[in-house]
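Visitor: Sharing a structure, written as C-alpha cells. Questions coming.
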Amino acid sequence: MLQEGIDEYIASLSTKDQGRAETNANTIVAYRNDLNQACAYFTRQGIESWQYVTRAHIASYLLEMHDEQAYRPTTIARKLASLKTYFRYLRARGSISVDIIEGLNAPRIQKEPPQILSQEQVANLFRQVALDSPAGIRDMAMLHLLYATGMRVSELVALNLEHVDLAQATVVCAGRNGKNKRERVLPLSSLALDQIKNYLQGPRQRLIQHHPGEQALFVNHHGERLTRQGFWLIIKGYARQVNIQGITPHMLRHSFAILMLQNGMELRSVQELLGHAHIATTQVYSQLARETAKTTV
C-alpha cells in the first residue's frame, strides 16, 4: 500500500541507517508532508502500489500542483525532489524494479525577489491582534520580535527563556542548523521589549499552567513549545483579516532587512543581524530597498 511505504521510509530517516547521520527533524517533517500529499493524489487516481506509478502519473501530479493549486515553481521543485529521494529508496529496497522519476527535470525556476510587506501592511497586521487573551498577547510579542530582529521563524520558536535579556534589551539567537551555527546577539526595539515583558508578566504563566517547567519562550495553548507550523497558521489568520494575499512567515524577515537598509544601516551590519553566511545572500535586498524607496517618495 502507498501509505505504508511512506511510513516505513519516514521511520528509516530517524535512524542511523547505513551509517548515515540522523536526518534533521525539520527535513523529516517536510518529507512526510510532501510524500503524504503525493500519496493522497495517487490514491485518488486508484493506484494501490508504488510499482504502478508511471512517469505519466508524476507529470499529471506536477501539472495539478501548478494549474490547480497554483504552487510556485520552487515549491513544486521541492516536492519533486522529495519524490525522487523516496523513489531511490524504493529502488534500493527492491520495492520497485525501475525508478521512473530518475532524470525527470524539475520545472524551470525563476529567481524571484523577496516578497515584503509595506510598513502600512505591517501596522494593519499588528492591529488585528486582540490583546484580551494570553494567546493574543503572545502573538503580539512574537510579531514585534520578528519584525524588530529579522530572525527566522525556526529561530523564533527555538528560543528559550534564558535567551532573552530584558535588562540589556537583547535576545540570543543560536542560528539555524546547517546554515549558520554562530550565535547572534540581537538588539530589541523598545516596542518589542515592551511586548515581551507584557507577555512574560502573566499571559505566559497562564498558557503553561499544565506544563509549569516548560522553558520555551513561546508556547501554544497546551503550554508546549510552539511549532513553525503553529506560527504559520497564526500569521496566516491575521493576514486573512486584512486581505494580505500570499503571506509567508519569512515576509517579516524580508521587510525587516529592507527597513534597516532604508534607514541607512550598512549591508554588512544587516548581514550580521540576519545571520547570512555570505554577503551575496544579503545583497538581494539592496536593489529592492532602492526600488521600494522610490515608490514611497
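Visitor: Can you tell me the equivalent ellipsoid semi-axes for region 119-295? Use √(5λ) from the Cα gyration tensor, largest first, whole Å. Please report the intermediate quantities before stating the final value.
Guide: Details: eigenvalues 142, 76, 40 Å².
In descending order, the three semi-axes are 27, 19, 14 Å.
Visitor: Label points 7 Å out from Cα along the Cβ direction at residue 215 and residue 66: separation in nm?
Guide: 4.8
Visitor: Work out Dmax and Rg for region 2-93 from the C-alpha atoms and quote the Rg first, both in angstrom.
Guide: 13.4, 41
Visitor: Which residue fluctuates most in the GNM of the chain (Cα springs below 10 Å): 172, 29, 122?
Guide: Between 172, 29, 122, it is 29 that shows the largest mean-square fluctuation.
Visitor: May I pose another question? Compute the distance in nm between two label points, each set 7 Å from the Cα along the Cα-to-Cβ direction, one at residue 272 and one at residue 242.
Guide: Placing both labels 7 Å beyond Cα along the Cβ direction yields 3.1 nm.
Visitor: Identify which of the listed values of semi-axes √(5λ) of the Cα gyration tensor in Å was calculated from the structure shown: (i) 38, 24, 19; (ii) 27, 24, 18; (iii) 33, 22, 17.
Guide: Given (i) 38, 24, 19; (ii) 27, 24, 18; (iii) 33, 22, 17, the calculated one carries the label (i).
Visitor: I'd like to verify something in the chain: which complete DSSP H helices, judged by Cα projection on the helix axis, reach 27 Å or more and average at least -1.0 on the Kyte-Doolittle scale?
Guide: Passing helices, by number: 25-44, 73-93.
Visitor: Points 7 angstrom from Cα along the Cβ direction at residue 118 and residue 36: gap in nanometres?
Guide: Result for the modelled spin labels: 3.8 nm.
A short reminder: the numbers here are calculations on the coordinates, not readings from a lab. All figures in this text were calculated on a predicted structure; none of them were measured in a lab. Using ideal geometry, Cβ is built from the backbone for each residue, glycine included, and neighbour counts are taken over all protein chains shown.
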